[in-house]
Amino acid sequence: MTADRARPIKRRFVNDYIGRLYEDFKTLGIVGETLLALATFIVCVSRLLAKPLGAIVKAASSSGKSYVTGLVVSLIPEEQVITATDITPQALYYLPQGSLQHMLVSVAERKHSDSSHDGTQANAGLALREMMSSGQLTKLITLTGDDGPRTVTIKQSGPIAYLETTTQEVLLEEDENRMLQLATDESPEQTKQIMARAAAEATGNVGDAAARQAVQLRHQTAQRLLKPYEVVVPFAEMLSIPAHKVTARRAFNQLLGCIKAVALLRQFQNKIKNGVIIASSKDYEIAYEIMFPSLQRAFAPVNERALALLQLIRHESPRGSFCVADCVKLAGISATEVRNRLAVLVEAGFVSQPESSRQGRRSVYLVDSNQAMPKMALKGMVSPERLSEKLAAEKSRGRETSEESGS
């Protein structure tokens, strides 16, 4: 996800709420990650919908994922946000009744766990998954009193929008396919931009605290003014995404949810009929920019971070073997991060680890230079231009039908 993809949006929506957001992201100190910031912000706005969105930002340690998400969340009124560094499996059930309705739940770094094999990791996220899917929780517990044991029903109503960050490459499938897959830009160019910003702040040339506070107050006020209208997407039947994976069923609903959240944010620019916002093609244009890279990650055989490492390996060791230490030098990332990415590549069959190597102190991997490089392609998703053509054709047909009826 690079800053370049965000620039066309900024130019086209310069007098729109979206255009203002880009300027304010810059004031907050977000450098080169405006599309990530926008995607995160739209997830935050979706808390007002009947079916909010969830998102997880996957990135290497020190890549700035927590920094960006933290600044974006600061634009949402505090009374509409639950922020936590960790959530225990039972925590959501015992919050005060009604305290989760249309809230944004933002959780810091997901814990690394080796417990997925015994079901502990799956149970830990059960309440969050259920809240994201159905918007409510129901739990039966047994209490023992003077009259003996009795069963009590605990109900917790949502829905919630959900944000999380992680350095893990692969998550529990039940968690992963419920959330938009977001990522930071790990390119050297982005690193240079971040260092330049830090240097400018150190010299006092940027970083006005009062200006940042003004931005936060302005958006918090604007968020309080948003009305939780119902949103309809009149062109929904014209949209499509690749259907070769079962996860497309959830992904398509996420696309529609993103369009609705954008339309809700732009409610002062959109048509409202009988208390219902009518989403426009402009809303889809923004949602497309957000959803395209997320869907690309969801449908790709390997993620872009593992793909970047594979490209380096093939360039340096096209026919030979390599180890974790070699990858650390090549990619400039930690050994833990390298192992995470290699695990993805081994699972996908692009590199292999001999049985003898697994038992030794120095793990050796082999690259398969004959296998074609995986592509981060996404075919079948309707572009904004194609949607405009379809809408124009439908309008033309409607006009012709009207004229025929009149004659």
Q | Size of electric dipole in the chain: Cβ of Lys, Arg +1 and of Asp, Glu -1, about Cα centre, debye, nearest 20 | A | 560
Q. What residue among GLY32, VAL364, VAL72 has its Cα farthest toward the positive end of the dipole of the chain, where the charges are +1 on Lys, Arg and -1 on Asp, Glu, each on the Cβ?
A. GLY32
Q | Within the chain, percent of DSSP bridges classed antiparallel, to nearest 5 | A | 45
**Q.** For THR69, THR85, THR34, THR166, order by how many other beta-carbon atoms lie within 10 Å, fewest first
**A.** THR85, THR166, THR34, THR69
Q: Please work out the FRET efficiency for the pair LEU330 and GLN193, using the Cβ-Cβ distance as r and a Förster radius of 22 Å; give the result to the nearest 0.05.
A: 0.50
Q. Once a ≥ b ≥ c are taken as the square roots of the eigenvalues of the Cα gyration tensor of the stretch 174-268, is the result rounded (a/c under 1.5), prolate (a/b larger than b/c) or oblate (a/b not larger than b/c)?
A. oblate
(Q) 7 Å from Cα along Cα→Cβ at both THR88 and SER321: what's the point-to-point distance in nm? (A) 4.8
Q. What ranking do MET195, MET132, MET238 get, fewest neighbouring Cβ atoms within 10 angstrom at the top?
A. MET195, MET238, MET132
**Q.** Cα shape, the chain, gyration tensor, a/c 1.5 rule
**A.** rounded
Q | Charge dipole (the chain, unit charges on Cβ, about Cα centre) - positive-most of ALA308, MET381, CYS327 | A | MET381
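For the peptides 154-161, 90-97, 138-145, 325-332, what is the packing order when you average, over each peptide's residues, the other Cβ atoms within 10 Å and list the highest mean first?
For the peptides 154-161, 90-97, 138-145, 325-332, the packing ranking is 154-161, 325-332, 90-97, 138-145.
What's the FRET efficiency of ASN253 with ASP147 using the Cβ-Cβ distance as r and R₀ = 45 Å, to the nearest 0.05? Provide the component values of the computation, followed by the final result.
Values: r = 46 Å, r/R0 = 1.02.
In this case the efficiency is close to 0.45.
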Q. Length gain on complete extension for the stretch SER157 to THR203, per 0.36 nm per residue less the alpha carbon to alpha carbon distance?
A. 11.7 nm
Q) In percent, how large is the relative contact order of the chain, given Cα pairs closer than 8 Å and 6 or more residues apart? A) 18
Q) Rounded if a/c is under 1.5, else prolate if a/b beats b/c, else oblate: with a ≥ b ≥ c from the C-alpha gyration tensor eigenvalues square-rooted, which is the stretch 304-367? A) rounded
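Under 13 Å from the Cβ of GLY135, count the other residues' Cβ atoms, weight Lys and Arg +1, Asp and Glu -1, and hand me the total. Mind showing how you got there, number by number?
Values: positive: ARG47, LYS51, ARG129, LYS155, ARG178; negative: GLU130.
With Lys, Arg at +1 and Asp, Glu at -1, the net is +4.
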**Q.** Entries of LYS26/LYS260; LYS139/LYS227; LYS245/LYS395; LYS51/LYS139; LYS58/LYS227 with Cα pairs more than 27 Å apart
**A.** LYS139/LYS227; LYS245/LYS395; LYS58/LYS227
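Quick note: the coordinates plus some simple rules give every number you see, no bench work behind them. The structure presented is a predicted model; accordingly, all values stated were derived computationally and were not measured. Heads up, the Cβs are rebuilt from the backbone with ideal geometry, glycines too, and the neighbour counts pull from every protein chain shown.
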